[in-house]
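Notes follow the structure.
The values are calculated or read from the model by the stated rules, or taken from the named source; none is laboratory data. Predicted model, so just to flag it, every value in this text is computed and none were measured. We place every Cβ from the backbone using ideal geometry, glycine too, and count neighbours over all the protein chains shown.
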Amino acid sequence: MADTMSEMVDAALAAAKPRCGEGTVADYIPALAKVDPNQIGLAVATTDGVCHTAGDADTPFSIQSVSKVFTLALALERTSDALWSCVGREPSGTAFNSIVQLESENGRPRNPLINAGAIAVTDRLIGDRSTEETIAELVGFLRERAVDDTIEIDEEVAQSEAKAGARNRSLAHFMAAFDNLTQPVETALGAYFRQCALSLSCRQLAQAGLFLACNGRDPKTGAQIISEERCRRINAVMMTCGHYDNSGEFAFRVGLPGKSGVGGGILAIAPGRGAIAAWSPGLNKAGTSLAGSAALEHFAKAAGWSVFD
Ligand code: GLU
C-alpha cells in the first residue's frame, strides 16, 4: 500500500536529518549567525486544506528571500504588468547579491528574486504609501493566507541586516543612479530589510504559499487572490530564478518551483497539489538550505510531485 502523506513527510525529514548542521549559517547578517544549525522542519500543505508536518515545523525562522515571492505577488496586483519595465524575468546565473550584471544591464535587475530585483519590486510596492502601510499590507496578507495572526517581523533581524547592509545599499544606489528606484534609497531598503525579517514557521509558510498551488485561489473559500495567469507566471519565475545560481540544480533535483532564503527556509510549489516549506539553517554556497533541499528532494520523489510529470 502506498505511504500516506504524513508517512512521506516523516520519511523525508528522517532522510534529510543527517545533513542537518552541514553548510554554513548566514553569518553576514549577525542576528542570523546566532541560530542553532541543528534544526530541521518540514510542512506540506495540500490543496484539500490539510497540513502535514515533521521535526521543527512550528519553530519560527527568518524567511529572508522567500518573502520576495509575496512582495512580487502584491506588487503585480498593485502595478500590474508595468512592473516588468523595472525588472526582467531571466535567470541571472549569478549570486543573490551580485552587482556585476546590474552595471552591464543599465540598472535593470535580471529578475525579481535576486536582491536588486526584489529591492526594485518593493520600491514599486510602496508606491505613494508609507513604508509602514506597505509592510502592514504584507504582514496582513501573510496572516490572512496562513490564517494565523501571530505572524510578525523580527525587528532585531531587520536592524541587524540594516546595519550590515552595505552590499544591498550598493545595489540600491546603483539602481538609483540609473533612475530605476522611485523611492529614496533608504526608504526602499527599510521596507526590504523588514520584509526579509518576517518570521514564520514551516507550517505557516506552507499555508501562506498554498494559493500558488491553487491557481491563485484561496483553497478554502475559492476566492481568487491573484489571477490564474499571474499565479502560473510567478511559479515560472520561481522555477527559473528562485535559487540564484543554484536554480538549475534545484529544478533538476526537486522538479518544483521554489524560493530559498538565507535563513534556511525554502518554499516549493506543486501546482494542483500543495505547498511545501522546508527549513534548516545550514546553507550551500548559493544560499540554499542543504538539509532543507534534501528533505524536499526526498518528499517530492516519494510523493511523485513534479511539474515534469
Ligand atoms: N536579506 C537577504 C539579503 O538581502 C536575503 C538573501 C536571501 O535570503 O537569499 O542579503
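Is there a residue being in a helix (DSSP H, G or I) and of a type in the set (Val, Ile, Thr) anywhere in the stretch 175-189?
Of the stretch 175-189, the ones in a helix (DSSP H, G or I) are 175-177, 185-189.
Narrowing further to those that are of a type in the set (Val, Ile, Thr): 185, 187.
Yes - at least one qualifying residue is present in the stretch 175-189.
Looking only at the stretch 85-110, count every residue that is in contact with an Asp or Glu (Cβ under 9 Å, 6 or more places away or on another chain), closer than 16 Å to ALA286 by Cα and surrounded by 15 or more Cβ atoms within 10 Å (Cβ to Cβ) and tell me the total.
Residues in the stretch 85-110 being in contact with an Asp or Glu (Cβ under 9 Å, 6 or more places away or on another chain), closer than 16 Å to ALA286 by Cα and surrounded by 15 or more Cβ atoms within 10 Å (Cβ to Cβ): 6 in total.
Considering only the stretch 1-100, give the helices (runs of 4 or more DSSP H) lying wholly within it that have at least 3 residues that are touching a strand residue (DSSP E or B) at 6+ places or on another chain (Cβ under 7 Å). Can you show your working first?
On the way: elements: 5-16, 30-33, 67-79.
The qualifying helices (runs of 4 or more DSSP H) are 5-16, 67-79.
Look through ALA82, ALA33, ALA15 and report the one residue that is within 16 Å of the ligand (Cβ to nearest atom), among the small types (Gly, Ala, Ser) and surrounded by fewer than 24 Cβ atoms within 10 Å (Cβ to Cβ). Talk me through it step by step, then tell me what you get.
Values: ALA82 fails: within 16 Å of the ligand (Cβ to nearest atom); ALA15 fails: within 16 Å of the ligand (Cβ to nearest atom).
Within the list ALA82, ALA33, ALA15, the selection yields ALA33.
Which of the residues belonging to the stretch 128-149 are in contact (Cβ under 8 Å) with a residue 40 or more places away in the chain and of a type outside the set (A, V, I, L, M)?
Across the stretch 128-149, the qualifying residues are THR131, THR134, GLU137, PHE141, ARG145, ASP148.
Looking only at the stretch 194-217, which residues are more than 30 Å from ASN168 (Cα to Cα) and either in contact (Cβ under 8 Å) with a residue 12 or more places away in the chain or within 16 Å of the ligand (Cβ to nearest atom) (or both)? Break it down stepwise before answering.
Quick first cut of the stretch 194-217, residues more than 30 Å from ASN168 (Cα to Cα) only: 213-217.
Correct list: ALA213, CYS214, ASN215, GLY216.
Out of ALA295, ALA251, ALA268, report the one residue that is aliphatic (A, V, I, L, M) and surrounded by fewer than 24 Cβ atoms within 10 Å (Cβ to Cβ).
Details: ALA295 fails: surrounded by fewer than 24 Cβ atoms within 10 Å (Cβ to Cβ); ALA268 fails: surrounded by fewer than 24 Cβ atoms within 10 Å (Cβ to Cβ).
Only one candidate qualifies: ALA251.
Got a number for residues in the stretch 134-193 being modelled with pLDDT under 95 and either more than 22 Å from VAL262 (Cβ to Cβ) or away from the ligand (no atom under 13 Å from the Cβ) (or both)?
Within the stretch 134-193, residues that are modelled with pLDDT under 95 and either more than 22 Å from VAL262 (Cβ to Cβ) or away from the ligand (no atom under 13 Å from the Cβ) (or both) number 0.
Just give me the residues in the stretch 259-292 being in contact with a strand residue (DSSP E or B) (Cβ under 6 Å, 6 or more places away or on another chain) and away from the ligand (no atom under 12 Å from the Cβ), in sequence order.
ALA268, ILE269, GLY274, ALA275, ILE276, ALA277, ALA278, TRP279, SER280, GLY292
If GLU132 satisfies every condition in (1) of a type in the set (D, E, K, R); (2) touching a helix residue (DSSP H, G or I) at 6+ places or on another chain (Cβ under 7 Å); (3) over 26 Å from GLU228 (Cβ atoms); (4) surrounded by fewer than 19 Cβ atoms within 10 Å (Cβ to Cβ) but one, which is the exception?
All conditions are met except number (2).
Taking the stretch 190-203 on its own, how many of its residues are in a helix (DSSP H, G or I) and of a type in the set (Gly, Ala, Ser)? Give the steps one after another, and end with the answer.
Step one: filter the stretch 190-203 for residues in a helix (DSSP H, G or I), giving 190-196, 202-203.
Now narrow it down to the ones that are of a type in the set (Gly, Ala, Ser): 190-191.
Adding up the residues that qualify gives 2.
If you check GLU297, GLU249, which single one turns out to be closer than 24 Å to ARG89 by Cβ, among the acidic types (Asp, Glu) and either away from the ligand (no atom under 16 Å from the Cβ) or at pLDDT 95 or above (or both)? Break it down stepwise before answering.
On the way: GLU297 fails: closer than 24 Å to ARG89 by Cβ.
On inspection, the qualifying residue turns out to be GLU249.
For the stretch 168-219, name all the residues that are among the aromatic types (Phe, Trp, Tyr) and closer than 15 Å to PHE70 by Cα. Quick ask: steps written out before the conclusion?
Step one: of the stretch 168-219, the residues among the aromatic types (Phe, Trp, Tyr) are 174, 178, 192-193, 211.
If the condition is that a residue be among the aromatic types (Phe, Trp, Tyr) and closer than 15 Å to PHE70 by Cα, then TYR192, PHE193, PHE211 are the ones that fit.
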